[in-house]
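Have a look at the structure below before the remarks.
Throughout, read-outs are computed from the coordinates displayed, never taken from laboratory work. In this text, all values refer to a predicted model and were calculated from it rather than measured experimentally. Here the Cβ is made from the backbone with ideal geometry for all residues, glycine too, and neighbour counts use every protein chain on show.
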Amino acid sequence: MTRLTSSRIALLLVATLGVSARAQQNNEEFARRQYDSGMSFLQNHRYSEALKDLQAVVDSFATTSMADNALVQIAQYQLEVPRDLDAAQAAVDKLLKDYPDTDSAPMAHVVSGRIAFTKGRTAADIDAALASFERVPRLFPGNDAVAAAGFFAGETLRSVRRDADALDRYRRVTMEYPRSIWAARASLSAGYCLVQQDKPAQALQEFQRARQLFPGTAAATDGLNLNTLAYRLYVRGHGGQSYTFSGKAIGPEKSELRDATGIAFDAAGQLMLGHKGGVTIFKADGSVAQSFTAVDTTAFFLDEQERIVIARNGSLITARADAITFSAPGGDGQLRAVDEIPAAFANERGERIIANPKGRNVIRSLPNGRFVSIFSTGQVTRMARNWMGDVALLDANSKSVAIVDRDGKAVSKLAAKGTGYELDDPVDVAFDQLGHLYVLDKGRASILVFGPKNKLVSTITIPNNSPGALNRAAALGIDAAGRLYVFDDKSRRIQVYQ
């Protein structure tokens, strides 16, 4: 038997360690390549392929420096795209348990806070969210995620209408991290709060700051859009008309489009018109990009993955052409099939909020059609939702608009008649990016704009027989820059106001 000398043992150990080090290095390189592949798929919205790569990094390369990065990306994806809060929380929990002191841990705490305030708006939910954000500067002082935590703390407070407290958080971010992209985003949200506090002049300054901080970024584009919107309503509209007809109309002349069911915009900013024959998508130049045919369409919306869902009779038709039927309680409490859906949308929890005018209510259901609860009451024909989850419910019978929070709890109400206005035949509603509510009144051929506390901010009218007149207006949409799009049943085209 050959006896191993101490020097031979040392050489073997060195060789073994060298092999191990090379293997770890190879793992690092491959893990990085797979992570980069996943991120490329993610950026191109190929989500299933992105998850395959990111999960492979977590499962097969758990000891590499990329595993925690993959986990935080999975958590953010689950929160922002399918809105699977349980899956997002599972990824966060694993990251904080297995990689508590890595460079991804601070952002994991931020995601955890975002999950908390997405789940609900109770005092406990808000407190849990704020606690997660507050941990970031305490545990990781100086980390880039501290600015993100401050921003999302402001968003949490803004979501429960604590605008003054939110404004304080945003201003801390802009003062302490002026070169962070989160400072630009904080300025945008601060401007929103100032509009809600009836301080539009100060809001304009915040929007301009965001443009100056990071020119060429999405935040700068948002700043320009919000600046334009606020200028229209509070500077140009002061003592005059805030919007005028642009002279532009979208859609072919003498088209077959009729009986509009709604106007919306997808994530890329493409305009979509719902009508009796389905949904038509338009290019930026006003020409038709794509059409989805569905006879007797009554409504449409985009689901969690930006796919068109069409309502017909009492069913929702999905991208896979599945027809999902829905039920609501009758007068005796028994569930009965919904036979008409004039308005519907998917909320941030993936539920379907569906107007049921025959039952004089709005219901909340799961995507598979299972009834969850009554969301609100009224003979609702159109609905609009803002970023906070508030919903405007247009009741055709009472000619009024109820505003409820994301759980259906009453927030305020626009009566048929109020200070400076009277609704005659309201046919559609929409929110802009600053929280203003727009009501399209076919009866008075006008659009009314309401601001904080339902104060009338502007009334948009075009003289009869003039280009852009609102004589037979049927549907209203608002783009990111605050331009108004109105489908006219007479010309069967979409008229643009700015």
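Where does each of Leu42, Leu456, Leu157 land when they are ranked from fewest to most other beta-carbon atoms within 10 angstrom?
On the way: Leu42 20, Leu456 15, Leu157 23.
So the residues, fewest neighbours to most, are Leu456, Leu42, Leu157.
Across the range 217-233, coupling constants 3J(HN,Hα) worked out from phi with the 6.51/-1.76/1.60 Karplus curve, θ = phi - 60°, read 9, 4, 5, 5, 4, 4, x, 5, 4, 5, 4, 4, 4, 5, 4, 4, 7 Hz, and Gly and Pro carry x. Dividing the helix sum by the residues of the chain, where each DSSP H run of 4 or more adds -39500 (n - 2.57), gives a mean residue ellipticity at 222 nm of -12500 deg cm²/dmol. The HN-Hα couplings worked out from phi for the range 340-349 by the Karplus form 6.51 cos²θ - 1.76 cosθ + 1.60 (θ = phi - 60°) are 8, 10, x, 7, 6, 7, 9, 7, 5, 9 Hz, whole numbers, x standing for Gly and Pro. What the Cα convex hull of the range 245-497 gives, in volume per residue, is 117 Å³.
Could you work out how far the C-alpha centroid of the range 194-264 sits from that of the range 344-405, in angstrom? First find each Cα centre; the distance between them is then 26 Å. A straight chain from Asn471 to Arg33 at 0.36 nm per residue would run longer than the Cα-Cα distance by 151.8 nm.
D for the range 400-498, whole µm²/s, Stokes-Einstein with Kirkwood Rh over alpha-carbon pairs at 25 °C and 0.890 mPa s: what number? Mind showing how you got there, number by number?
Working: Rh = 13.9 Å.
Answer from the Stokes-Einstein relation: 176 µm²/s.
Against the main long axis of the alpha-carbon atoms of the chain, helix 200-213 sits at an angle near 40°. Between Thr221 and Leu139, what FRET efficiency comes out of the Förster formula 1/(1 + (r/R0)^6) with R0 = 35 Å and r the beta carbon distance, rounded to 0.05? Once rounded, the FRET efficiency stands at 0.55. Computed from Cα positions, the angle between helix 105-119 and the longest principal axis of the chain comes to roughly 30 degrees.
Relative to the globular-protein estimate of 2.2 N^0.38 Å, the Cα radius of gyration of the range 43-194 stands at 1.05. With the Cα gyration tensor of the range 434-474 giving a ≥ b ≥ c as the square roots of its eigenvalues, does the rule (a/c under 1.5 for rounded; else a/b larger than b/c for prolate; else oblate) give rounded, prolate or oblate? Taking the square roots of the gyration eigenvalues as a ≥ b ≥ c, the range 434-474 is prolate. With the highest mean first, a sort of the peptides 65-72, 302-309 on other beta-carbon atoms found within 10 angstrom per residue produces 65-72, 302-309.
Do the alpha carbons of any pairs in Lys413/Lys455; Lys417/Lys490; Lys455/Lys490; Lys399/Lys453; Lys417/Lys455 sit beyond 21 Å of each other, and which pairs? Where the Cα-Cα span goes over 21 Å, the pairs concerned are Lys417/Lys490; Lys455/Lys490.
For the range 58-159, GluC sites (Glu not before Pro) are listed when DSSP marks them as loop and at most 11 other Cβ atoms sit within 10 Å of their Cβ; the list is empty. Taking each of Lys276/Lys442; Lys199/Lys442; Lys283/Lys358; Lys358/Lys442 in turn, the alpha-carbon distance tops 26 angstrom for Lys199/Lys442; Lys283/Lys358. Taking a ≥ b ≥ c as the square roots of the Cα gyration tensor eigenvalues, the range 162-247 comes out oblate, since a/c reaches at least 1.5 and a/b does not exceed b/c.
What is the fewest-to-most order of Met388, Met383 by other Cβ atoms lying within 10 Å of their Cβ?
On the way: Met388 19, Met383 26.
If I rank by nearby Cβ atoms, fewest first, I get Met388, Met383.
With neighbours defined as other Cβ atoms within 10 Å of a residue's Cβ, the residues Thr325, Thr381 order from fewest to most as Thr325, Thr381.
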